[in-house]
Amino acid sequence: MHAGTRFAVAVVGIHVFLLLGAEFVGLALVFIYIGAVAVLIVFTILLTRRDVGKSRIQLGRAIVAAAVFGALIWSILKTHSLAIVARTCRGSQ
């Protein structure tokens with residue numbers, strides 16, 4: 001649980017790089033984290049026991065995950081440097 005919380009804070013911290021205009025560093029970190037999460041998911045699937053009868057979805061954890069994902073998407077969409085790039089690309093067509 002602690003590792004997941006720290007990981008969420010680190011991913012939200014990528015927004016700082018986007019605000020400072022370091023889009024390359026921010027996107028590199030996103031790609032690194034995507035690869036790390038994929039590896040962790042594979043290891044989790046391989047190392048957990050299979051309890052078919054005990055598949056329960058915990059609503060609280062799903063809400064927190066959706067809130068973190070929504071905050072990340074919102075912060076990326078509200079980054080002004082990305083909006084400027086999108087605006088200039090549309091204007092050149």
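The values are calculated or read from the model by the stated rules, or taken from the named source; none is laboratory data. All values reported here derive from a predicted model rather than from experimental measurement. Neighbour counts run over all protein chains shown; Cβ positions are idealised from the backbone, glycine included. Ligands, DNA and RNA are excluded from the accessible area calculation, which covers all protein heavy atoms including side chains. Shrake-Rupley method; radii C 1.70, N 1.55, O 1.52, S 1.80 Å.
Quick notes
- Counting only residues that are outside any helix (DSSP H, G or I) and free of Cβ contacts under 8 Å to residues at least 24 places away in the same chain, segment 4-30 holds 2 of them.
- Test: residue in segment 64-81 that is farther than 17 Å from Ile14 by Cβ, hydroxyl-bearing (Ser, Thr, Tyr) and either modelled with pLDDT under 80 or open to solvent by less than 60 Å² (accessible area, probe 1.4 Å) (or both): no
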